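A short write-up of the structure that comes next.
The values are calculated or read from the model by the stated rules, or taken from the named source; none is laboratory data. Owing to the predicted nature of the structure, the values given are computational and were not obtained by experimental measurement. Note that each Cβ is placed from the backbone with ideal geometry, even for glycine, and that neighbours are counted across all protein chains shown. For the accessible areas, the whole protein counts, side chains as well, though only heavy atoms, and no ligand, DNA or RNA atoms are used. Shrake-Rupley method; radii C 1.70, N 1.55, O 1.52, S 1.80 Å.
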Amino acid sequence: MTTTPDREPTLGDVVEQIIALRSDLEQSRQELKSEVERWDERFFQFQRDNLTTARTIIITAGSVVILSPVLQAFAPAIQTVVSRLAGIDAAQ
């Protein structure tokens, strides 16, 4: 805007200011939109990571619960085999 203390802004000056403000506003909207998209992607990636971790924990816990009695039943046999392979008397 080309105003001086002795001159009032003209209609052209006001229009130039409005055009500049609209341009700044549009640029700000685009920046905000891209930032929101980045945060959305971060959030959804975080959710996918949490889902993967939860699945892993659930599968591990289920495996322990299901296989624990089986391993407990085979523990004496496994101990005997390992003892024989190591050359240790299993009766100790």
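Looking at the structure I just gave you, is GLU8 surrounded by fewer than 10 Cβ atoms within 10 Å (Cβ to Cβ) and either part of a helix (DSSP H, G or I) or not basic (Lys, Arg) (or both)? Taking the combined requirement at face value, the residue satisfies it.
Scanning the stretch 62-85 for residues that are open to solvent by 80 Å² or more (accessible area, probe 1.4 Å) and either in contact (Cβ under 8 Å) with a residue 12 or more places away in the chain or β-branched (Val, Ile, Thr) (or both) returns VAL64, VAL65, ILE66, ILE78, VAL81, VAL82.
Regarding ILE59, is this residue open to solvent by 80 Å² or more (accessible area, probe 1.4 Å) and under 31 Å from the mean Cα position of the chain (by Cα)? Yes: the conditions hold for ILE59.
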